[in-house]
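To start, the structure under review is shown below, and the notes come after it.
No value in this document is a laboratory result; all are computed from the given coordinates. Keep in mind the model is a prediction, meaning the values are calculated, not measured. Cβ coordinates were reconstructed from backbone atoms using ideal geometry, including for glycine residues, and neighbour counts include every protein chain displayed.
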Amino acid sequence: ILMENELRKAIAQGHFEIYYQPKKDLSTGKLTGMEALVRWIHPELGIIPPNRFIPIAEETGMIIELGEWILRHACQQNKRWQDEGFPPLKVSVNLSARQLHQKNLVEVIQTVLKETGLDAQWLELEITESVLVKLEEAIEILQAIRDSGVQISIDDFGTGYNSFSYIKHLPIDTIKIDASFIQDIHQNQESQAIVKAIVTIAESLNLNVIAEGVELLDQVAALSENGCDQGQGYLFSKPLPTGDFEQYLLSAH
Ligand code: G
Ligand code: G
Ligand code: NA
Ligand code: MN
């Protein structure tokens with residue numbers, strides 16, 4: 001209850017910050033986009049990671065308001081970078097299960113894009129696989145989002161279900177391979193086989209594929225060998241606050 005009240009206050013007062021983590025083309029090293037990751041900046045406790053408050057925000061429904069704040073700030077910042085002359089990049093924002101059920105989600109997305117002036121092509125929404133396999137009306141919602149020009153990525157792919165076949169029905173753009181397969185890919189043949197299978201499916205369905213949790217050059221080599229040409233992880237950079245990410249953008253080009 002204490003945490004809940006604190007969180008309510010924080011949302012009312014906007015005590016959050018969005019960190020950004022780069023996504024890279026593994027063969028050229030070029031930046032391909034960035035993931036927006038929220039942090040709670042508590043006046044006494046300091047930085048509180050999302051694992052500690054997103055679940056509470058979901059249970060209480062506060063994620064609707066917080067999610068909109070995150071979406072608006074990520075789009076606003078991305079537009080600002082574009083206006084400042086940085087090469088345009090796609091920003092990926094995480095969407096929780098509760099937000100997918102939100103009746104006016106598409107309207108909210110369209111309003112945020114209009115108000116921030118960000119073109120839809122520079123926004124992607126990351127949705128965890130486990131949410132999608134459970135959601136019967138997912139197809140219609142995803143289709144409506146994509147119809148407005150926003151892209152969809154399946155997050156943590158490979159952990160949510162025992163068969164890949166359902167994804168052929170989903171209107172999506174990108175598969176994000178779960179970090180658990182990347183962690184040991186350089187020394188585990190099963191992980192290599194799984195990544196290779198995911199890449200093959202992605203290719204046949206005309207989807208992009210990206211690996212998350214890339215920490216080692218050996219993992220990059222194994223990913224390239226198995227046809228995965230995009231990655232995100234500590235090897236390139238941890239998630240950075242706006243100012244630091246800007247420095248990263250300046251040094252990366
Ligand atoms: O870096 P990391 O500690 O940022 O994120 C931990 C978890 O919190 C991840 O599962 C991530 O998807 C989730 N998360 C981070 N930012 C957001 C956000 O803005 N919205 C939602 N729904 N989840 C987020
Ligand atoms: O669930 P989602 O994939 O959105 O969450 C991404 C989480 O992974 C965040 O907590 C982010 O900080 C973390 N992360 C990003 N890169 C790495 C990495 O290379 N290694 C590990 N262990 N975690 C990472
Ligand atoms: Na994500
Ligand atoms: Mn993920």
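Give the residue, chosen from GLU35, GLU6, that is acidic (Asp, Glu) and either at positive phi or not in a helix (DSSP H, G or I) (or both). Reasoning before the result, please.
Details: GLU6 fails: either at positive phi or not in a helix (DSSP H, G or I) (or both).
Residue meeting the stated conditions: GLU35.
Considering GLU225, GLU203, GLU246, GLU215, which residue is of a type in the set (Asp, Glu) and within 16 Å of ligand 4 (Cβ to nearest atom)?
Values: GLU225 fails: within 16 Å of ligand 4 (Cβ to nearest atom); GLU203 fails: within 16 Å of ligand 4 (Cβ to nearest atom); GLU246 fails: within 16 Å of ligand 4 (Cβ to nearest atom).
After ruling out the rest, the residue left standing is GLU215.
Here is a yes/no grid of residues against (1) closer than 23 Å to SER96 by Cβ; (2) surrounded by 16 or more Cβ atoms within 10 Å (Cβ to Cβ); (3) of a type in the set (Ser, Thr, Tyr):
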residue	(1), (2), (3)
LEU125	yes, yes, no
ALA179	yes, yes, no
GLN187	no, no, no
SER191	no, yes, yes
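Between a first residue in segment 232-250 that is more than 16 Å from VAL91 (Cα to Cα) and of a type outside the set (A, V, I, L, M) and a second residue that is part of a loop (DSSP other than H, G, I, E, B) and more than 12 Å from ligand 1 (Cβ to nearest atom), which pairs have beta carbons less than 8 Å apart while being 6 or more apart in sequence or on different chains?
If the second residue must be part of a loop (DSSP other than H, G, I, E, B) and more than 12 Å from ligand 1 (Cβ to nearest atom), the pairs left are TYR234/VAL214; TYR234/GLU215; PHE236/VAL214.
For segment 6-38, give me each residue that is charged (D, E, K, R) and either within 30 Å of ALA221 (Cα to Cα) or in contact with a Leu (Cβ under 6 Å, 6 or more places away or on another chain) (or both). Before the answer, list the steps.
Restricting attention to segment 6-38, the residues satisfying the condition of being charged (D, E, K, R) are 6, 8-9, 17, 23-25, 30, 35.
Once the filter is applied, which keeps residues that are charged (D, E, K, R) and either within 30 Å of ALA221 (Cα to Cα) or in contact with a Leu (Cβ under 6 Å, 6 or more places away or on another chain) (or both), segment 6-38 yields LYS23, LYS24, ASP25, LYS30, GLU35.
Select, from THR200, THR242, the only residue that is more than 21 Å from SER163 (Cα to Cα), away from ligand 2 (no atom under 13 Å from the Cβ), β-branched (Val, Ile, Thr) and surrounded by fewer than 18 Cβ atoms within 10 Å (Cβ to Cβ).
Details: THR200 fails: more than 21 Å from SER163 (Cα to Cα).
Of THR200, THR242, the one residue that is more than 21 Å from SER163 (Cα to Cα), away from ligand 2 (no atom under 13 Å from the Cβ), β-branched (Val, Ile, Thr) and surrounded by fewer than 18 Cβ atoms within 10 Å (Cβ to Cβ) is THR242.
Restricting the first residue to segment 33-45 and requiring it to be farther than 22 Å from GLN232 by Cα, which pairs with a second residue that is in a strand (DSSP E or B) and of a type outside the set (Val, Ile, Thr) meet a Cβ separation below 8 Å and a spacing of at least six or different chains?
TRP40/PHE16; ILE41/PHE16; ILE41/GLU17
Restricting attention to segment 146-177, which residues are more than 30 Å from LEU118 (Cβ to Cβ) and surrounded by fewer than 20 Cβ atoms within 10 Å (Cβ to Cβ)?
Within segment 146-177, the subset more than 30 Å from LEU118 (Cβ to Cβ) is 158-159, 161-166, 168.
Matches in segment 146-177: THR159, TYR161, ASN162, SER163, PHE164, SER165, TYR166, LYS168.
Report yes if some residue within segment 133-142 is touching a Phe, Trp or Tyr at 6+ places or on another chain (Cβ under 7 Å) and not hydroxyl-bearing (Ser, Thr, Tyr); otherwise report no. Lay out the reasoning, then the answer.
Of segment 133-142, the ones touching a Phe, Trp or Tyr at 6+ places or on another chain (Cβ under 7 Å) are 133.
Right, trim to not hydroxyl-bearing (Ser, Thr, Tyr) and you get 133.
Yes, segment 133-142 contains a residue that is touching a Phe, Trp or Tyr at 6+ places or on another chain (Cβ under 7 Å) and not hydroxyl-bearing (Ser, Thr, Tyr).
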